[in-house]
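One structure, pasted below without further comment.
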Amino acid sequence: MGRQTEKCGYVNSRVLRENGDIVRLRDIQIGDRVIGLAKDGVTLAAGTVTWKSEEIQRPCITLTTRQGHTTTVAETHPMRAWGAWADSSAFGIGDKLAVVRRAGRFLGMERMPREHLLLAASMIGEGYTPREGACSFTQQEGLLLSEFLDAVDSIKAPYDPYLKSGSDDVWSLMFRKEDNPLLSLLRSWGLLGRLSAEKRFPSWVWNLSETDSAFFLNRLWACDGYCGLREDDYNIEYDSISETLAHDVQRLLWKFGIPSRFRGWQPTLYRGSEKLA
């Protein structure tokens, strides 16, 4: 990036890698490629870490924006205000703060069969994967179910179909056998044995090409996303009970140059609990 900077941040802060994935600040190593401010002072670019300090203690402050961005930094850490820089401690409620709009590169280092992209996105969105030895996929009759069945057949994964109780067109596909190819894939991707609140992207997603990333995001959105027209404005959102997964979606959108607002809300399904989407 042509910039050598030294700033203090919280050791557990999430730092963006070049491919859009994250790493804790304390886990960064010399030679890592991370996202930082470019020479123009307003855009983000990838740079190589050339030095790492020992951990020190300084007074810190946490800033949260209306869009849902949160960061913890030292009180003297410079932050980008409206057309200028200021120490983080100088910001108050209502002040303008620059946030990420585009970050990360499509490296194209990982090539995945289209069927695997579809299976991963579909199981993240509509799959039930809390146990090691079994999983299921639920979807109503239509294009999404047909595509999923074609992908399952392509990897020769046996399943038992059941009509969901009280429904004439919603099917649950059960995958039980230990040697089932779908279970093996989900296990290798780190998706098996996760509750809905624990779901996240497989690590290979961050190394996909732009085309494959778009397809993965498309199929993910088809499961848990929403697009609607309100008068003259489109409302486009993605909902998940997993905060980690929601942040994954946000960071993948950043790679396409699509900014977003991150917020928590409680659907009717979770009323009376502490769960948020």
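The values are calculated or read from the model by the stated rules, or taken from the named source; none is laboratory data. Treat the numbers as computed from the prediction; the structure is a model and nothing was measured. Cβ placement follows ideal geometry from the backbone for every residue including glycine, while neighbour counts extend to all protein chains displayed. Side chains included, ligands, DNA and RNA excluded: accessible areas come from the protein's heavy atoms. Shrake-Rupley method; radii C 1.70, N 1.55, O 1.52, S 1.80 Å.
Conditions: (1) open to solvent by 20 Å² or more (accessible area, probe 1.4 Å); (2) under 22 Å from the mean Cα position of the chain (by Cα); (3) of a type in the set (S, T, N, Q). Residue 273 meets all but one. Number of the miss?
Condition (2) is where residue 273 drops out.
Could you tell me whether the range 251-262 includes any residue that is hydrophobic (A, V, I, L, M, F, W, C), more than 30 Å from residue 46 (Cα to Cα) and part of a loop (DSSP other than H, G, I, E, B)? First the steps, then the outcome.
Initially, the range 251-262 is screened for residues hydrophobic (A, V, I, L, M, F, W, C), giving 252-254, 256, 258, 262.
When the remaining residues are screened for being more than 30 Å from residue 46 (Cα to Cα), the result is none.
Scanning the range 251-262, I find no residue that is hydrophobic (A, V, I, L, M, F, W, C), more than 30 Å from residue 46 (Cα to Cα) and part of a loop (DSSP other than H, G, I, E, B), so the answer is no.
For the subset of the range 218-247 comprising residues that are in a loop (DSSP other than H, G, I, E, B) and at negative phi, which member is surrounded by the most Cβ atoms within 10 Å (Cβ to Cβ)?
It comes out as 240.
Determine if the range 234-247 includes at least one residue that is modelled with pLDDT of 95 or more, hydroxyl-bearing (Ser, Thr, Tyr) and farther than 23 Å from residue 70 by Cα.
There is no residue in the range 234-247 that is modelled with pLDDT of 95 or more, hydroxyl-bearing (Ser, Thr, Tyr) and farther than 23 Å from residue 70 by Cα.
Yes or no, residue by residue, for (1) under 26 Å from residue 214 (Cα atoms); (2) not small (Gly, Ala, Ser):
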position: 12; (1), (2): no, yes
position: 15; (1), (2): yes, yes
position: 20; (1), (2): yes, no
position: 68; (1), (2): yes, no
position: 77; (1), (2): no, yes
position: 96; (1), (2): no, yes
position: 101; (1), (2): yes, yes
position: 107; (1), (2): yes, yes
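Conditions: (1) crowded, with 18+ Cβ neighbours inside 10 Å; (2) touching a residue at least 24 places away in the same chain (Cβ under 8 Å). Residue 250 meets all but one. Number of the miss?
(2)
Hey, residue 102 hits all of (1) under 26 Å from residue 204 (Cβ atoms); (2) touching a Ser or Thr at 6+ places or on another chain (Cβ under 6 Å) but one; which does it fall short on?
(2)
Check off (1) open to solvent by 50 Å² or more (accessible area, probe 1.4 Å); (2) at negative phi for residue 212 and give me the number that stays unchecked.
(1)
Under 6 Å between Cβ atoms, at least 6 apart or on separate chains: pull out the pairs that start in the range 61-73 with a residue that is in contact (Cβ under 8 Å) with a residue 24 or more places away in the chain and end on any residue that is loosely packed, with under 15 Cβ neighbours inside 10 Å and not in a loop (DSSP other than H, G, I, E, B).
72/62
In addition: Say we look at the range 177-203 and pick out the residues that are part of a helix (DSSP H, G or I) and surrounded by fewer than 18 Cβ atoms within 10 Å (Cβ to Cβ); which of these is farthest from the chain's Cα centre (by Cα)?
Within the range 177-203, the match that is farthest from the chain's Cα centre (by Cα) is 181.
Pairs under 6 Å by beta carbon, first residue within 15 Å of residue 119 (Cα to Cα) in the range 195-221, partner hydroxyl-bearing (Ser, Thr, Tyr) and open to solvent by less than 30 Å² (accessible area, probe 1.4 Å), six or more apart or different chains?
Taking only residues 6 or more apart or on different chains, the pairs are 199/242.
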